[in-house]
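J.: One structure, pasted below without further comment.
The values are calculated or read from the model by the stated rules, or taken from the named source; none is laboratory data. Predicted model only: the values in this text are computed from it and were never measured. Cβ placement follows ideal geometry from the backbone for every residue including glycine, while neighbour counts extend to all protein chains displayed.
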Amino acid sequence: MKILRITLTILILGLLPFVVFTLVTSKTPILGGIQSFVVLTGSMQPSIPQGSILFSQKTPFYNKGDVISFEKGTNTVTHRIVDVRVENNALSYQTKGDANNTIDKELVSSKDILGKSIFFVPYVGQLVLFLKTFQGYALLIIFPTVFFIVFELNSIRKEIMKQAERKAMEKMQAA
């Protein structure tokens, strides 16, 4: 039990900074202009597998070959720049998913770009999506929390029993 407790503690303390960083960057680019996204489709495979968490950062310039994340309606899309164009004194970008046969129909304007891909963590996004379901939340958040609480309550109960035994022994010796 002690090994399990130590392992869980190390795992939680090791993963906690990454989880907090990912949660914060999924909502706002406040940490160094970095944003995180879950890659929902396989359009960038094999470069970026579906279900990865992708971290991107806003930069002043984007070049042909860069993988960018951009807003397309209400969706966030991550594709590679295949051409850079200047139209009406503004830069726009032609993009394409690595796994797609054709280029994207619409050009991407600079104002719609959320950032350039700086790194990704394969398949971890599937865990994030699973956590958004009731089953995932229960399995990975509620059950470990209950387990930890029960484990700690059991430790407290044992300590109280030891204290009670010690006091009882002291009373017996004093009598």
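J.: Looking at (1) aromatic (Phe, Trp, Tyr); (2) surrounded by fewer than 19 Cβ atoms within 10 Å (Cβ to Cβ); (3) in contact with a helix residue (DSSP H, G or I) (Cβ under 7 Å, 6 or more places away or on another chain), which is the one condition that is false for Phe21?
T.: (3)
J.: Considering Asp83, Asp98, which residue is surrounded by 14 or more Cβ atoms within 10 Å (Cβ to Cβ), in the same structural domain as Gln45 (by TED's automatic domain parsing) and either within 30 Å of Gln35 (Cα to Cα) or touching a Pro at 6+ places or on another chain (Cβ under 9 Å) (or both)?
T.: Asp98
J.: Still on this structure: Considering only residues that are more than 18 Å from the chain's Cα centre (by Cα) and under 16 Å from Asp98 (Cβ atoms), which ones fall in region 48-67?
T.: Kept after step one, since they are more than 18 Å from the chain's Cα centre (by Cα), are these residues of region 48-67: 58-67.
Correct list: Lys64, Gly65, Asp66, Val67.
J.: Does region 138-175 hold any residues that are within 23 Å of Leu16 (Cα to Cα) and in a loop (DSSP other than H, G, I, E, B), and which are they?
T.: None; the set is empty.
J.: Now, a different point. May I ask you to verify whether Asp104 is touching a Pro at 6+ places or on another chain (Cβ under 9 Å) and either within 30 Å of Thr9 (Cβ to Cβ) or surrounded by 14 or more Cβ atoms within 10 Å (Cβ to Cβ) (or both)? Talk me through it step by step, then tell me what you get.
T.: Working: touching a Pro at 6+ places or on another chain (Cβ under 9 Å): no; either within 30 Å of Thr9 (Cβ to Cβ) or surrounded by 14 or more Cβ atoms within 10 Å (Cβ to Cβ) (or both): yes.
No.
J.: Just checking: which of the strands (runs of 3 or more DSSP E) contained wholly in region 32-108 hold 1 or more residues that are without any contact (Cβ under 8 Å) to a residue 12 or more places away in the chain and farther than 28 Å from Gln126 by Cβ?
T.: The qualifying strands (runs of 3 or more DSSP E) are 75-87.
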